[in-house]
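Here's the structure, in C-alpha cells; my notes come after.
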C-alpha cells in the first residue's frame, strides 16, 4: 500500500505569519506554523512532519509537493551540502539548516517518492493542504486559535484550545509496536552515507536538543507532539507547569539560541530514560533533568526540572 499525501506551506508577506500542512483526507491531516517565518520554511516543515508522523508505518509514501525547492533539496542538493558542512558551492551557509537536517534524518530508511504538482491549479489534495497552511498563517496573523488538525490516527496531538486527544491505535499500528519490523541498512540514493540505526538513548537526546531549537519551540504543534499528555515541569523559578500552559508559553515567547551539554543518561526501564544536561542561554546556565517515556512507540517528555547554577 502507498500513502499519498500533499504537503504545502504558506507565509503571509513572506516572511510573515507562516503555516504548513500535510493532507491525506479529511480525517488525516496536520498543520502548524510560526508567528514569523518564510514560505520555504513552511514547505520544508510540512514534509518533515509528514515523514515523522508516519515513521512507525512500513508503507511507501508518495509526497505531492508544489515546491521545487523542497524536491531539489532532497533529491539533488542535500548530499553536496552535507559534504561541505551545510554550505553551498560559493561557501555561504545553507538557509533553513535546522529544518533540512530534520528532513535528512526523517528520510533515512524510508521508501518515498516526490511528485511535483502545480500549485493553485485545482489539484484536490494540494488545494486541501494549501487551505490548511494558509489557515494557520491567518490564525497567527489574527491571534486566533491554531487549527493543527487531527494528525495521524493513533498519534497524540494537542488541539489549539489545549485539550489533548489520544486516538486509539489501529490494529496494524498495535502490531507494529508489538512486533517492530527490522531496520535494514542501505545506501541512500546517492551512495554516500550508510544509514545507522539510532539507539533509544540517542533518539531521546536528539529530541531533547530539538525542544531547545528556536524553530521547534515556536511551533506549538511540534512541541505538543514531543510532550507527554501528562507533562509537568518545575521551572527555574519553582513554578509548576502543565502540558497546556507549556505549549502556550513557548508559542508566545521570543525564542533564542540555547547551548546544550549532555551530562548523562540512565535507562530506568525499557520505556523510561532520564537525561541530565547543562544549558546556557541569555539568562545564564542551568542544570536540567528530563524524564522521557515511550508512548505507542514514540518517546515523549513526561517531566522536566531546571535549576539555575550558582555563579
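Observations, loosely collected:
- Conditions (1) exposed (fewer than 15 other Cβ atoms within 10 Å of the Cβ); (2) over 20 Å from residue 150 (Cβ atoms); (3) touching a helix residue (DSSP H, G or I) at 6+ places or on another chain (Cβ under 9 Å): number failed by residue 92: (3)
- When 51, 125 are checked against the criterion of being buried (at least 19 other Cβ atoms within 10 Å of the Cβ) and over 23 Å from residue 211 (Cβ atoms), a single residue qualifies: 125.
- Within the range 82-104, the set of residues being under 22 Å from residue 38 (Cα atoms) and touching a residue at least 12 places away in the same chain (Cβ under 8 Å) comprises 86, 94, 95, 96, 98, 99, 100, 101, 102, 103, 104.
- Residue list for the range 282-311, filter: over 20 Å from residue 240 (Cβ atoms) and in contact with a strand residue (DSSP E or B) (Cβ under 7 Å, 6 or more places away or on another chain): 284, 285, 295, 299, 309
- Tallying residues that are part of a loop (DSSP other than H, G, I, E, B), surrounded by 16 or more Cβ atoms within 10 Å (Cβ to Cβ) and modelled with pLDDT of 80 or more within the range 190-223 yields 2.
- Residue 159 vs. criteria assigned by TED's automatic domain parsing to the domain that holds residue 244, farther than 21 Å from residue 68 by Cα and at pLDDT below 85: no
The values are calculated or read from the model by the stated rules, or taken from the named source; none is laboratory data. A quick note: this is a predicted structure, and the numbers were derived from the prediction, not measured. Here the Cβ is made from the backbone with ideal geometry for all residues, glycine too, and neighbour counts use every protein chain on show.
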